[in-house]
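First comes the structure, then the notes that go with it.
The values are calculated or read from the model by the stated rules, or taken from the named source; none is laboratory data. Source: prediction; values computed, not measured. Here Cβ is always computed from backbone atoms with ideal geometry, including for glycine, and neighbour counts include all displayed protein chains. Heavy atoms of the whole protein, side chains included, go into the accessibility calculation; ligands, DNA and RNA do not. Shrake-Rupley method; radii C 1.70, N 1.55, O 1.52, S 1.80 Å.
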Amino acid sequence: MFDSLSAIFSAHDWLYSVLALIAVLSTLLIIIIILSENRNPVKSLAWVTVLLLLPVVGLILYMFFGRSIKNTRMISRRSRRKLRRREGRTFSDPKSAGLTPESVQQINLGRSLTGAQYYAGNTVEVFTRGADKFVSLERDLRQARDSINMQYYIFEDDETGRRIADILAERAAAGVKVRLIYDHVGSFHVRSRFFKHLRQRGIDAQPFFKVTFPQFGTHVNWRNHRKLCIIDQTVAYLGGMNVANRYIDGGKNFASWRDTHVRVEGPVVQALQYSFIVDWNFMGGGLIEDKAVENPALLREPHHGAVASVGAQMLTSGPTAQWSNIALSLHKAIANARRRVYIQTPYFLPTEALLKALQSAALAHVDVRLLVPERSDSVMLTHASNSYISECLKAGIKIYQYKAGMLHSKMIIVDDEFVTIGSTNFDFRSFDYNFEANLFFYSTEFNRRMLEVFRADIANSERVLPEQWHRRPMPKRMAESVLRLLSPVL
């Protein structure tokens, strides 16, 4: 009997030894990989420390959050050249557009980072309420003749989602090519049969980075956060609103939902189409061959709130890119600022470089204002964001907390000509892990229009005063500090 037990324990000891050896070798291999990638030293040291102190936990965390997919090609060079030729010569020379030297620099940076061109002569309509945006979008979708290319982080199976789905299905039955990209993680809570039903109705609905085993660990951290729609290559929508009821009524937790979305007509629509084609190709859908069609039913006369003759450039970023495209572009815009930098974001978790840029601008007497929600849709992110407020206040940055509901708007205004609106939050995840898309606008008239919007939001906010902020309870400060440590992966 004792001999049998001894044999069992000996067998288990052998197994444990093999597993321990595999864990040690795996840990050493990952450390070598991290060091060879020449990442940010702070991040590299953090990962090495976790892997050495907590090998098993560190391996699991690294599998989900530590891997890099930089320089992964989303489309072949041949296909990219083909798309650029198809784009034609509809873009403009920023030097001849009468823009400031700072704007020309900004445009040149975007072109160097992503090949993004500058397009003059666009008409831009702004939506700050979900109800208005969806009325406009649904009207345009019903007018589609040739193609609808739609991409959303979240596409809910609720009243709004089903209403949009019915319109898409009706257009598909009429012969319109309808494609939908939804993020698999962002829409993970939506039943798969909802999207299966869309496909049965003629809508080519595909998940981005589908999270299944064994790819779970390699896909779960990368999110396609873009929110755009292109109709007949004539009009396009882009901004912060997903397809869900809460973007109209605030949902269960908020009295209202304040967001920013734009509708654009003009040559920059081709840039949004290009972005969608690249993502569709990356998912294995092939190179889309849609042709631009004239659809006068989609074109509207400029009206109150719409601004004509706006110059625009579209920038995308993501974990596959060589550079942090949008983060670098925002850093340049802040560094160029001479009068003002106004930021709206639901989550404020800046990189060290962007935090220093904001502090430097404020210390140089640039009017730097940050507008965040008093309470966001994530308790963890609210606490983590609050941990940066003291550092901002010390530099003279004016902080405002929006009190009328959930502020989900992602907008930055710099001086008198520059505005950017899109899907990018001012946080680590948007800059490093998410696939994002922003339109960069260059227009004094559009800048004035968005200043009006920003000031109206300030009227529904309360300024954070240093003397009050520093009296926060100690447990709250501790929670903020702890959650700040997790901010790169939140």
Which length gain, in nm to one decimal place, applies between S481 and K95 when the Cα-Cα distance is subtracted from 0.36 nm times their residue separation? 134.4 nm
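For segment 300-379, report the translational diffusion coefficient in µm²/s to the nearest whole number, using Stokes-Einstein at 25 °C, 0.890 mPa s, and a Kirkwood Rh over Cα pairs.
Calculated translational D: 161 µm²/s.
How many percent of the accessible area of segment 292-426 is carbon or sulfur, using a 1.4 Å probe?
Carbon and sulfur: 53 percent of the exposed surface of segment 292-426.
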What does the extension gain come out to for R85 and D416, with contour length at 0.36 nm per residue minus their alpha carbon separation? 115.8 nm
Overall Cα dimensions of segment 314-436 - principal axes, largest extent first, Å: 35, 34, 24
Compute the accessible area per residue over segment 100-196, keeping the other protein chains in place, probe 1.4 Å, unit Å². 39
Which listed pairs, of K356/K398; K82/K332; K332/K394; K133/K410; K95/K332; K95/K291, have C-alpha distances above 25 Å, in listed order: K82/K332; K95/K291
When the solvent-accessible surface of protein heavy atoms is calculated with a 1.4 angstrom probe, in what order do R223, R463 fall, highest first? R463, R223
Need one number: convex hull volume per residue for segment 400-490, Cα atoms only, in Å³. 125
Along Cα→Cβ, 7 Å out, is where each label goes; now give me the distance between the ones at E391 and E159 in nm to one decimal. 4.3
Mind pulling the per residue volume of the convex hull built on the Cα atoms of segment 79-124? Å³ is fine. 95
In whole Å, what are the extents of segment 290-335 along the principal axes defined by its C-alpha atoms, from largest to smallest? 40, 31, 13
By the mean-Cβ-within-10 Å protection proxy, highest first, 391-398, 455-462, 473-480 rank as 391-398, 455-462, 473-480
Carbon/sulfur fraction of accessible area - segment 70-223, other protein chains in place, 1.4 Å, %: 48
In sequence order, what are the phi-derived ³J(HN,Hα) couplings for segment 361-368 according to the Karplus relation 6.51 cos²θ - 1.76 cosθ + 1.60 with θ = phi - 60°, rounded to whole Hz, with x for glycine and proline? 5, 5, 5, 8, 6, 7, 6, 9
Bin width 5 Å, alpha-carbon pairs only: give the P(r) of segment 139-234 as whole percents, running from 0 to the bin holding the largest distance. 3, 14, 24, 25, 17, 10, 5, 2, 0
Compute log10 of I(q)/I(0) for segment 221-301 with the Debye formula, placing one identical point scatterer on every Cα and leaving out solvent, at q = 0.14, 0.17, 0.19, 0.22 Å⁻¹, to two decimals. -0.61, -0.82, -0.94, -1.07
